[in-house]
Amino acid sequence: SDDGGSNSFQIMDLSTLPDSVHVVYDSDTLFYRSHTIFIDGDKLYGGSVTRKSNVFYSMAVYSLTDPENPSFMRSLKDDYPAINGVHDMYVRNDTVYASCGDDGLFVYKFNSTASTPKFEELGSLTTYPDKGYNHSTTLSPDGRIMVMCDEVPAGMAVKVLDVSDLTDIKVLSTFKSNVGATAHNPYMIGKDKVAISCYLDGVQVYDLSNPLAPRKIEYFDTYPDNGGEYPSNNVYNGNWGAYVGLPSGVLLASDMKRGLFVLHSSLLTTKFKAPVEGDLIYPNPFLENLKVKSTNQIDEVEIRNSMGSLVLSQKYSEYTTAIELDGLSSLGVGIYFLKVKTKTDSQVYKIIKWN
């Protein structure tokens, strides 16, 4: 947290999920405030870090080799004291793309194998179109394209950068979801798509296969309250962040007013399709009824919840290749697993109950 109050740096062990979560480190010794964090391998990078006695680091890196005993490695101010602050950073293999607010974008290499670990500047971008407060970035898998958002003042365009040569970073294009809208954070999807949390415009997804001409392909308005208007007194409301890395393929979008949205994006998965005649399992997600079709005789079906508990079991003595399970409205909203047993085999399918 970077709010005031009695904060601390916490590390949790998630290996026992879904049974429990264990806090293995909780201390304010290393720091008690950090605006953002990024884990790269066995290192944690913190942007705008505050230690006790209000000692401030524009950016600092910590070793997670032993997660129960993290340790301080280096502060950016030790090598580049002129940088006032790092709002956010994207790190890959110890190459740090640092969004340094009004100072612009700076790229550093953190050399952790030297006798004295240190940061080395690889490149920077300090003058560019629609320059504002450099807020955050994301990087394509091949490391050639970067998407960058400037948050302040409101209405700044998103920038698409060529970072293939860090000594000569170029702006390839700029775009806006709508005139007046403000982008907050970008998240790369695959090799050439990007999802962007855009405050009043919700989640916006763009195709960057031609980085010179980004193309909007999907969006979900988590904050319809503005009605297409962008009032100066309410610019920073709505969609605050997104997450695109879940194994399920769903996209998470957090809205400052309306809460958490769990979204299906055709770019991330095709598991949760709308009802289509001919599908083996449909509709999925389902409300009350679920239809199952098979090319073989269905002998038995089972539904288990995410904890593995059996919630439905049905056997069929007569020959059938199509069944309908009804009365499922009593199931709670969430993910279930449907097992279909036939004369020749059995298959397990992930299904979703919604309301």
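The values are calculated or read from the model by the stated rules, or taken from the named source; none is laboratory data. Since the structure is predicted, the reported quantities are computational estimates derived from the model, not experimental observations. Methodologically, a virtual Cβ is constructed for each residue, glycine included, from the backbone with ideal geometry; neighbour enumeration extends over all protein chains shown. These area figures cover heavy atoms from the full protein model, side chains too; ligands, DNA and RNA do not enter into them. Shrake-Rupley method; radii C 1.70, N 1.55, O 1.52, S 1.80 Å.
Looking at 301, 311, which is the one that is surrounded by 16 or more Cβ atoms within 10 Å (Cβ to Cβ) and in contact (Cβ under 8 Å) with a residue 24 or more places away in the chain?
Numbers: 311 fails: surrounded by 16 or more Cβ atoms within 10 Å (Cβ to Cβ).
Criteria check complete, one pass: 301.
Would you check which residues across segment 25-63 are hydrophobic (A, V, I, L, M, F, W, C), free of Cβ contacts under 8 Å to residues at least 40 places away in the same chain and surrounded by 17 or more Cβ atoms within 10 Å (Cβ to Cβ) and list them?
31, 44, 49, 59, 60
Which one of these does residue 211 not meet: (1) of a type outside the set (Gly, Ala, Ser); (2) closer than 18 Å to residue 146 by Cα; (3) without any contact (Cβ under 8 Å) to a residue 12 or more places away in the chain?
All conditions are met except number (3).
Scan segment 324-352 residue by residue and report those that are under 15 Å from residue 307 (Cα atoms) and either in contact with an Asp or Glu (Cβ under 8 Å, 6 or more places away or on another chain) or charged (D, E, K, R) (or both).
Residues satisfying the conditions are 338, 339, 350.
Out of 228, 278, 245, 202, which single residue is of a type in the set (Gly, Ala, Ser) and at pLDDT 90 or above?
After ruling out the rest, the residue left standing is 202.
Mind listing whichever residues of segment 256-267 are in a loop (DSSP other than H, G, I, E, B) and either surrounded by 12 or more Cβ atoms within 10 Å (Cβ to Cβ) or touching a residue at least 60 places away in the same chain (Cβ under 8 Å) (or both)?
Correct list: 256, 258, 265, 266, 267.
Restricting to segment 301-321, name every residue that is under 13 Å from residue 338 (Cα atoms) and either of a type in the set (Gly, Ala, Ser) or in contact with a Ser or Thr (Cβ under 7 Å, 6 or more places away or on another chain) (or both).
Once the filter is applied, which keeps residues that are under 13 Å from residue 338 (Cα atoms) and either of a type in the set (Gly, Ala, Ser) or in contact with a Ser or Thr (Cβ under 7 Å, 6 or more places away or on another chain) (or both), segment 301-321 yields 302, 306, 308, 309, 313.
Restrict the check to segment 121-141 and report whether at least one residue is farther than 24 Å from residue 208 by Cα and not β-branched (Val, Ile, Thr).
Yes, segment 121-141 contains at least one residue that is farther than 24 Å from residue 208 by Cα and not β-branched (Val, Ile, Thr).
In segment 330-348, how many residues are modelled with pLDDT under 85 and either out of contact with any Lys or Arg (no Cβ under 9 Å at 6 or more places or on another chain) or aromatic (Phe, Trp, Tyr) (or both)?
Total meeting the criteria: 3.
Only one residue in 213, 253 is open to solvent by 30 Å² or more (accessible area, probe 1.4 Å) and modelled with pLDDT of 90 or more. Which one?
On inspection, the qualifying residue turns out to be 213.
Considering segment 230-244 alone, what residues qualify as being open to solvent by 40 Å² or more (accessible area, probe 1.4 Å) and touching a residue at least 24 places away in the same chain (Cβ under 8 Å)?
Listed by number, the residues that qualify are 230, 232, 234, 236, 240, 243.
Quickly run through segment 78-92 and pick out the residues that are in contact with a strand residue (DSSP E or B) (Cβ under 7 Å, 6 or more places away or on another chain) and either part of a loop (DSSP other than H, G, I, E, B) or crowded, with 18+ Cβ neighbours inside 10 Å (or both).
Residues satisfying the conditions are 79, 80, 83, 84, 85, 86, 87, 88, 89, 90, 91.
Does residue 113 count as modelled with pLDDT under 95 and of a type in the set (Val, Ile, Thr)? First the steps, then the outcome.
Working: modelled with pLDDT under 95: yes; of a type in the set (Val, Ile, Thr): yes.
In short, yes.
For segment 311-323, name all the residues that are of a type outside the set (Val, Ile, Thr), part of a strand (DSSP E or B) and at pLDDT below 90.
322
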